[in-house]
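Below: the structure, in C-alpha cells.
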Amino acid sequence: CLNEIVNVVSEKGVAVYFQPVVSLRLKSVIGFEALSRGNASDGESYVSTSCLFNEGLPPHAKFKVEQLCLNTILDSYHSIYEKHLKKKLFLNVKCELYCLEKYMDKTPVKMVHEHEFNPNIIVFEFDSHQLRKDIPWNLMASCIDMGFKISIDNWNPNLIFNEHIFRINPDFVKLDRRFFAGIDSSDNIKRAVASAAVIFRQIGAVPIVK
C-alpha cells in the first residue's frame, strides 16, 4: 500500500470525479462533491480508497496525499466553475491533520485562496466520524473568516460529538445514507429526517444528501 501511495504522489497520479449534491429543501443540485482516486502503478486501475486514505499512514504521508488531491481537484474544477458559477464545491479535509501544530499553518484554506474561486462557493467538508476524535477549531475559524462554507459529512443522530454541532454552526449537514435509507417506503424515517431538518434550520444549516 505504501509503495502505491509513493507512486501516486511522485507521479501526481490522481483522477477526480464530481458527484452531485442535492438539497432536501430545494430538491435540486446545489453543487458537487469532489472524489479523488489514485492511479495504480499498473497504469490500468485505481489504488483502493482504503489504501489511499488509510488511517494508519503517518501524518506526513496523509498530508502529501491531501495536498495532491486538493490541488488536482481545484485545477479540475475551473472548467465547471466557468459554466456553473453558483454551484458549490464540497472539499473533504482530514480533521486530524489540522489539529497537529506542524500543519496548522499549511491549511487548505490558503491553497483554495490561491485559485481565486469565489469563497462563497467553496465548502470545506468535515467527516462527522473524524470529528468524534479531532475538531480543527482553528481551521474552521479560518474558513469562516475568509468567507468559505462549512459542511458536516455523514451525520447521524447517534454521534457523540453532536453536542458540538451548535458551536461548529455549519452551513450544511450531509446526512448519513444509513439514516435516511428506505425513506420512500417508511413514514417513520420520513418523520425522523423531517425532525432532523428542523434542528438544522434552527442553526442555519441546509440538510443535504449525495
Inset, instruction - Residue by residue through region 1-29, note down the ones that are at pLDDT below 90, open to solvent by less than 60 Å² (accessible area, probe 1.4 Å) and among the aliphatic types (A, V, I, L, M). - result: ILE5, VAL8, VAL9, VAL21, VAL22, VAL29
Legend entry - region 166-191, subset touching a residue at least 24 places away in the same chain (Cβ under 8 Å) and aliphatic (A, V, I, L, M), residue nearest to ILE135 (Cα to Cα): ILE168
Inset, instruction - Quick one: count up the residues across region 192-209 that are over 21 Å from LEU131 (Cα atoms) and surrounded by 15 or more Cβ atoms within 10 Å (Cβ to Cβ). - result: 2
Inset, instruction - Would you confirm whether any residue within region 120-133 is open to solvent by less than 30 Å² (accessible area, probe 1.4 Å), modelled with pLDDT of 80 or more and under 17 Å from ARG25 (Cα atoms)? - result: no
Inset, instruction - Can you tell me which residue within region 55-67, out of those that are open to solvent by less than 50 Å² (accessible area, probe 1.4 Å) and assigned to a helix (DSSP H, G or I), is farthest from VAL16 (Cα to Cα)? - result: ALA61
Inset, instruction - Report yes if LEU52 is of a type in the set (A, V, I, L, M, F, W, C), crowded, with 17+ Cβ neighbours inside 10 Å and within 23 Å of GLU101 (Cβ to Cβ), otherwise no. - result: no
Legend entry - Tabulated pairs, region 60-78, first on the phi < 0 side of the Ramachandran plot, second part of a helix (DSSP H, G or I) and open to solvent by 60 Å² or more (accessible area, probe 1.4 Å), C-beta under 8 angstrom, 6+ apart or interchain: ALA61/LEU2
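Table: residues versus (1) farther than 20 Å from SER151 by Cβ; (2) not acidic (Asp, Glu).
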position	(1), (2)
VAL8	yes, yes
VAL22	no, yes
GLU33	no, no
ALA40	yes, yes
GLN67	yes, yes
Inset, instruction - Considering only region 27-52, state which residues are hydrophobic (A, V, I, L, M, F, W, C) and without any contact (Cβ under 8 Å) to a residue 40 or more places away in the chain. - result: LEU35, ALA40
Legend entry - Evaluation of TYR103 against (1) of a type in the set (Ser, Thr, Tyr); (2) at pLDDT 90 or above; (3) within 19 Å of VAL65 (Cβ to Cβ) (one fails), failing number: (2)
Inset, instruction - Among the residues of region 79-92, count how many are free of Cβ contacts under 8 Å to residues at least 40 places away in the same chain and of a type in the set (A, V, I, L, M, F, W, C). - result: 1
Inset, instruction - Go through (1) assigned to a strand (DSSP E or B); (2) over 24 Å from SER79 (Cα atoms) one by one and return the number of the condition SER36 breaks. - result: (2)
Legend entry - Set LEU74, LEU91, LEU70: member being crowded, with 19+ Cβ neighbours inside 10 Å, under 13 Å from the mean Cα position of the chain (by Cα) and over 19 Å from VAL22 (Cα atoms): LEU70
Inset, instruction - Answer with yes or no whether TYR46 is at pLDDT below 90 and touching a Lys or Arg at 6+ places or on another chain (Cβ under 6 Å). - result: yes
Inset, instruction - Filter the helices (runs of 4 or more DSSP H) completely within region 140-210 down to those with at least 2 residues that are at pLDDT 80 or above. - result: 165-168, 187-202
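The values are calculated or read from the model by the stated rules, or taken from the named source; none is laboratory data. Note that the coordinates shown come from a computational prediction; the quantities given were computed from them, not determined experimentally. Quick reminder, even Gly has a Cβ in these numbers, built from the backbone with ideal geometry, and neighbours come from all protein chains shown. With ligands, DNA and RNA removed, areas are computed over all heavy atoms of the protein, side chains included. Shrake-Rupley method; radii C 1.70, N 1.55, O 1.52, S 1.80 Å.
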